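A.B. asks: I am attaching a structure below and will ask some questions about it afterwards.
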């Protein structure tokens, strides 16, 4: 009742198995089209993630400087070392307290070279703009207010 594939002639068995060259070429062409559409979106997402990660690292370093100034009851300086891609929190008395690394593909621009946090919960107002060197349209800003408030917002212009 059930016909076994072994009972078929050899020419019919070989013709029914596998893919034709045209089927494989069509499949590869469709995959190539899908990848060419998805690739720019993936690189934009990676740039966004790098900027967000650097903004989070910058915010954490600024918050640490703020807290350390209150705990130690002394002024704490925050600065950016562009050559090593590090964020530095330091005290005038005891030197470096902490340093944070950020992506070498990110650019941080600011209107002040250093921000000083004081134990009176005051700070030098500053705005940091984080951009990605590969996708300049992606940017975020970290804002430090005079009362040592630290906030992160999307936007800013990259030079």
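No lab work stands behind these numbers, since they all come straight from the coordinates. These figures come from a predicted structure and were not determined experimentally. We place every Cβ from the backbone using ideal geometry, glycine too, and count neighbours over all the protein chains shown.
A.B. asks: Calculate how steeply helix 21-72 sits against the longest principal axis of the alpha-carbon atoms of the chain, using the helix alpha-carbon long axis, and give the answer as 0 to 90 degrees to the nearest 10.
C.D. replies: Helix 21-72 and the main axis of the chain meet at about 20 degrees.
A.B. asks: Could you tell me what a quarter of the Cα convex hull surface of segment 68-109 works out to, in nm² with one decimal place?
C.D. replies: 3.2
A.B. asks: Could you work out the relative contact order of segment 61-114? I mean the mean sequence separation of Cα pairs under 8 Å and 6+ apart, divided by the number of residues, in percent.
C.D. replies: 29
A.B. asks: Then there's this: Where does each of 73, 122 land when they are ranked from fewest to most other beta-carbon atoms within 10 angstrom?
C.D. replies: By the 10 Å Cβ count, ascending, the order reads 73, 122.
A.B. asks: Oh, and also: Which whole-number percent gives the relative contact order of segment 19-154, counting Cα pairs below 8 Å spaced six or more residues apart?
C.D. replies: 22 percent.
A.B. asks: Another question, if that's okay. Translational diffusion coefficient of the chain at 20 °C, 1.002 mPa s, Stokes-Einstein with Kirkwood Rh over Cα pairs, in µm²/s as a whole number.
C.D. replies: Answer from the Stokes-Einstein relation: 110 µm²/s.
A.B. asks: For segment 77-159, just say rounded, prolate or oblate: build the C-alpha gyration tensor, square-root its eigenvalues into a ≥ b ≥ c, call rounded for a/c under 1.5, and beyond that prolate if a/b exceeds b/c, oblate if not.
C.D. replies: Here segment 77-159 falls in the oblate category.
A.B. asks: Given the DSSP H assignment, sum -39500 (n - 2.57) over each helix run of at least 4 residues in the chain and divide by its residue total; what's the result at 222 nm in deg cm²/dmol, nearest 500?
C.D. replies: After summing the helix terms and dividing by residue count, I get -13000 deg cm²/dmol.
A.B. asks: Now, a different point. Quick check on the exposure proxy: order 46, 58 from fewest to most C-beta atoms within 10 angstrom.
C.D. replies: By the 10 Å Cβ count, ascending, the order reads 46, 58.
A.B. asks: A further question follows. How large is the direction-averaged shadow of the alpha-carbon convex hull of segment 36-94, in nm²?
C.D. replies: Mean projected area for segment 36-94: 4.9 nm², to one decimal.
A.B. asks: Compute the distance in nm between two label points, each set 7 Å from the Cα along the Cα-to-Cβ direction, one at residue 26 and one at residue 137.
C.D. replies: So the label points at residue 26 and residue 137 sit 3.5 nm apart.
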